[in-house]
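The next block holds one structure in the form of structure tokens; read it before the comments.
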Amino acid sequence: MGCESNNATPPGPAIAPGSETLDAMKIAEEIAQGRRGRWPGGIDPRLPAAVPGFDAPFFQAGLAGYSDAAMRIVARRHGCPYCVTEALLDRTLLAGGRGFTKADLGELHDNIPGGIEDHPLAVQIMGSDPKEMAASALKAIEQGRRTDKAYRALAYGHLTHDPSGAIVKHGPEDFALEQVVCGEDEIGAGEGLDHDGPEAWSRDFNDDDATPTALGPDAPMLTRSFSTVDVNLACPVKKIKAKARGGHWLAEPEGAIAILEAVRDAVPREVACTVKLRRSFDDTTPMVEAFYKIYDAAYDMGYAWATVHARTVEQKYVGPSRWDLLREIVRRSPERPVLGSGDVWTVHDLFRMLEYTGVSAAAVARGCIGNPWIFRQARMMLDGREPTTPTIAEQRDVLEQHYTLALAANRRMRHPDDFTSKNMRKFGIRFAEHHPRSEEVRLRFIAVKGIEDWRRVLDEMYLDG
Ligand SMILES: Cc1cc2nc3c(=O)[nH]c(=O)nc-3n(C[C@H](O)[C@H](O)[C@H](O)COP(=O)(O)O)c2cc1C
């Protein structure tokens, strides 16, 4: 199991002594007015300076198994200003997805940018080797403009045969970008790009006929690529062959710093790099010191911000998140923007986290699965309006939209409708929580075996409104 989790904690409050009396509506109002030391409009200007378009103090977190293009676009239609892909293994990216269909993290086809509506977007990468991480970050940002071979050469060096049959070792210098720009003769049809071919790197979703429109090379880079590279040093996924990855790097600060350096060096300066951390590997003093070593190094080498999930790696997703410690991290160096994660279950939690901890933005993670309305509610509260809950008609509309977008992404599957309906069960179960007959609807979604069942649940349970 990867970043996904079976043993997740049920929704509950974070540890934040003294926060019980905080009034979220009042906080939202004050944030919007730039009072209480907050920024005008509520947005820390360092966020849009690094990532243009990040215009509200919240965003959708990376969620392996969930935060694919369809979920992201639905969130954005409800006011989410910024999203993070599922964590992608660097090797998945370097191999163009081949051979990794059973990877326990995100899959490539789910995480390519979803076009004009899916921006700004962070690609989140995770891995064990600085060079592989650097090459995969570059490949994601460049959208495969070099050949696969070139990116692998950056990661591993490369061996070929000369005309006499002798082995020749190539270094990265043999694969400079100028030599292999996409569209030029050096690249044959589809060669060197991911398994879906060039158009799959970026696409626009068309709601009406569920056909993703390929964005050609003339489309603005902003809509074709990622705005940010987010390095995952947080995921509690197990080590493989004693090699650290994700959150395990928090116990090995030198290795973590080498990865951060390699990625920052590889990615063009104008593209923001950020890092996702846990509050530390565990709560022992050496591990807390290791956290700060990595945290300081990231900002010193130009990382735009760190998102800190205020649980330890050891804790996985169980038990409360420690907003009190998150607050300490923010207060220790207020000149650094920090984004906070952990126990944002409702829109009220979101504003309480901002107020209590002083983070520049709050990550919405499990709190937005089946609940894109949390973003609409946050925007409403910033406008000084009471947040509303979704009507049945709105719920049905969003389920239909989510399905259509997911179907578009799955169009190459053998039975895209059945595949999509089965894959949508996990979302349906969470959407059911808004329904007045939630338990009945939940059981109906669980029983979905294909497109016919999916349609029947919508037609029978989401009629009125
Ligand atoms: C199912 C699941 C998948 C996750 N996948 C990722 C991921 O791919 N990348 C990431 O940075 N964090 C991932 N996380 C962590 C969340 O982004 C977030 O930090 C964590 O859930 C704490 O927030 P919450 O308590 O509000 O849910 C995942 C969490 C869950 C529950």
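The values are calculated or read from the model by the stated rules, or taken from the named source; none is laboratory data. Predicted model, so just to flag it, every value in this text is computed and none were measured. Backbone-built Cβ (ideal geometry, glycine too); neighbour counts: all protein chains shown.
The C-beta contact set for the range 334-362 (first residue on the phi > 0 side of the Ramachandran plot, second residue more than 10 Å from the ligand (Cβ to nearest atom) and in a loop (DSSP other than H, G, I, E, B), distance under 7 angstrom, 6+ apart or interchain) comprises Asp343/Pro13. Check whether at least one residue in the range 227-235 is more than 17 Å from the chain's Cα centre (by Cα), modelled with pLDDT of 95 or more and not assigned by TED's automatic domain parsing to the domain that holds Leu154, and report yes or no. No: zero hits. For the range 17-68, taking the residues that are on the phi > 0 side of the Ramachandran plot and more than 16 Å from the ligand (Cβ to nearest atom), the one that is surrounded by the most Cβ atoms within 10 Å (Cβ to Cβ) is identified as Gly42. When the range 270-288 is limited to residues that are free of Cβ contacts under 8 Å to residues at least 24 places away in the same chain and of a type outside the set (Val, Ile, Thr), the one that is nearest to His309 (Cα to Cα) turns out to be Pro286. Only residues that are outside any loop (DSSP other than H, G, I, E, B), more than 25 Å from Ala69 (Cα to Cα) and not acidic (Asp, Glu): list them for the range 423-440, please. Listed by number, the list holds a single entry, Ser438.
Are any residues in the range 74-85 surrounded by fewer than 24 Cβ atoms within 10 Å (Cβ to Cβ) and in contact with a Gly (Cβ under 7 Å, 6 or more places away or on another chain), and if so, which ones? Passing the criteria: only Pro81. Restricting the range 239-251 to residues that are in a loop (DSSP other than H, G, I, E, B) and without any contact (Cβ under 8 Å) to a residue 60 or more places away in the chain, which is nearest to the ligand (Cβ to nearest atom)? Restricting to residues being in a loop (DSSP other than H, G, I, E, B) and without any contact (Cβ under 8 Å) to a residue 60 or more places away in the chain, the top hit is Lys239. Among the residues making up the range 426-455, those that are crowded, with 18+ Cβ neighbours inside 10 Å and within 25 Å of the chain's Cα centre (by Cα) are Phe427, Gly428, Ile429, Phe431, Ala432, His434. Count, please, the residues in the range 404-422 that happen to be farther than 16 Å from His78 by Cα and part of a helix (DSSP H, G or I). Residues flagged as farther than 16 Å from His78 by Cα and part of a helix (DSSP H, G or I) within the range 404-422 amount to 12. Does the range 367-383 contain any residue that is more than 21 Å from Ile257 (Cα to Cα) and part of a strand (DSSP E or B)? The answer is no; no qualifying residue exists.
What is the residue count in the range 272-320 for residues that are in a loop (DSSP other than H, G, I, E, B) and polar (S, T, N, Q)? Count: 4. Applying a threshold of 9 Å to beta carbon distances and a minimum spacing of six or more residues, or different chains, the list of pairs starting in the range 9-27 at a residue that is in contact (Cβ under 8 Å) with a residue 40 or more places away in the chain and closer than 15 Å to Ala378 by Cβ and ending at one that is surrounded by fewer than 16 Cβ atoms within 10 Å (Cβ to Cβ) and not β-branched (Val, Ile, Thr) reads Met25/Gly384; Met25/Glu386; Ile27/Arg36. If you go through the range 373-425 and pick out every residue that is buried (at least 17 other Cβ atoms within 10 Å of the Cβ), more than 19 Å from Gly115 (Cβ to Cβ) and of a type in the set (Ser, Thr, Tyr), you end up with 1.
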